[in-house]
Ligand code: GDP
Ligand code: GDP
């Protein structure tokens, strides 16, 4: 099921980032008195009345070297493009400014639902400040206070009323949903074209599943695949393209709907910080991952080049030690044919379920090789292990006291499980729980 997306829009300093943090429930972005301060995260999950949704802080889409009006305009455009519902945030203490009117003008033209919130209404006496905001033309303004957490419930009640009906289409279980992520120009679109141009690939339809995402369905050798969100790879405006935060946003939306994520890097330019950040999101989301080193044709090679590059990838992406690496060229199509079999393999591992008795045999053997540690004279006892979920495979180890499960021992168990069951390409999660 696709989660609805809510974007917060408004000129600098109205409190977007403060509200974002409130709604997300953690202090994850930096709030300062300086307008245009860079934020770490601009996209996060939130929940209201058991409805999960994703929230975008458009203020974090950093184009701060542009004039104010250009900034707010671009941020509003991103919101219109990405969100199902827009929270238009204004500052009650300052009244309506020219920049607010600029934002309003852009939002009128979209057909997305807009909920107007007036921030910094910190107490009841300030309610009178609200009236002028009716003139913005978005109906009743909701008074809120980010610093005091007031009015957010009423605001969210209104926001979720506007969520679109969920698609009737059930996602079918055998189909593999995958996406290609990576910074601009690593070759994602070229790779998609090469994949679709392969022999025996039959593109069945290119379906607009949502207004802003276009999925490509295809079949190869009786397996169904969907490439998610190639729309995100279409060329758009200059600012969309050049904004790192924007490409991260696109990637996050695609990752969420994928079983398998292809992390594409450019062999020609090498690995940069942004590649790691993008890959980190896929890892955090618990998706199966293949690292694709594209443009291998453009690299001058000697005997050791591939090994050296592989070492470099392993070094830079230590958190992806489980992910296989494929070297290929979208341009010459060299080794393109190895990619889909890899996607199938990691996807199968991602949804693999192992039998409890076999699992417990593996754990017993592991205990025999490397007995459980003691902390302050207390010895960890492992009683029983079971797989509780797939996508990614998740294991619960029942123990005498979870505090005694050191992460190095957990890592050891993970390695034994991987050796025994071959979970190539998928993260696995292990939780220690006390046996009741
Ligand atoms: P953004 O630029 O729109 O993301 O605004 P920020 O969230 O960075 O907030 C700008 C400033 O307004 C910060 O100093 C916040 O502490 C302050 N602020 C945010 N919400 C409120 C509020 O409800 N009341 C008051 N008095 N100040 C607030
Ligand atoms: P995207 O922004 O990640 O979708 O990247 P594109 O697919 O638009 O590719 C960016 C540029 O890299 C284009 O000029 C492509 O022709 C070039 N490119 C893509 N794949 C390869 C490759 O395998 N080898 C070489 N040499 N160039 C490539």
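Taken as Cα centroids, the range 173-200 and the range 383-417 sit 34 Å apart, rounded to the nearest whole angstrom.
Extension gain for the segment residue 154 to residue 140, taken as residue separation times 0.36 nm less the Cα-Cα distance, is 3.9 nm to one decimal.
With neighbours defined as other Cβ atoms within 10 Å of a residue's Cβ, the residues 157, 221, 215 order from fewest to most as 221, 157, 215. Can you work out the PRE-style zone for residue 410? Point 7 Å along Cα to Cβ, and I want the residues of the range 419-436 with backbone N under 15 Å. Answer for the range 419-436: 427-434. Each peptide among 139-152, 110-123 gets the average number of other Cβ atoms lying within 10 Å of its residues, and from highest to lowest they stand as 110-123, 139-152. For the range 109-140 versus the range 246-282, the inter-centroid distance based on Cα atoms is 37 Å. Taking the fewest neighbouring Cβ atoms within 10 Å as the starting point, the ordered list for 312, 300, 74 is 300, 312, 74.
Note on the chain: with a GNM built from Cα contacts shorter than 10 Å, the maximum mean-square fluctuation among 83, 251, 298 falls on 298. Under a GNM of the chain (C-alpha, springs under 10 Å), which listed residue has the highest mean-square fluctuation: 100, 304, 57? Looking only at 100, 304, 57, the biggest GNM fluctuation is shown by 304. Taking the chain as a Gaussian network, Cα atoms linked when under 10 Å apart, which of 72, 264, 299 shows the biggest mean-square fluctuation? Of 72, 264, 299, the Gaussian network model singles out 299 as fluctuating most.
Sorting 7-16, 417-426 by average packing, meaning the other beta carbons within 10 Å per residue, from highest down gives 7-16, 417-426.
Applying 1/(1 + (r/R0)^6) with r as the Cβ-Cβ distance of residue 435 and residue 276 and R0 = 41 angstrom yields a FRET efficiency of 0.60. Each residue in 269, 394 was given a count of other beta-carbon atoms within 10 angstrom of its own, and listing them fewest first yields 269, 394.
Bridge orientation summary for the chain: considering DSSP beta bridges with both residues in this region, about 40 percent are antiparallel.
Just to be sure I understand the model, the point goes 7 Å from the Cα along the line to the Cβ. What's the resulting residue 110 to residue 381 distance in nm? My value for the distance between the label points is 5.8 nm. Mean residue ellipticity, 222 nm, helices only, the chain: the sum of -39500 (n - 2.57) across DSSP H runs of n ≥ 4, divided by residue count and rounded to 500, is -9500 deg cm²/dmol.
None of the figures in this text is laboratory data; all of them are computed from the coordinates on show. Bear in mind the structure is a predicted one, so any value in this text is a computation, not a measurement. No Cβ is skipped: glycine too gets one built from the backbone with ideal geometry, and neighbour counts run over all protein chains shown.
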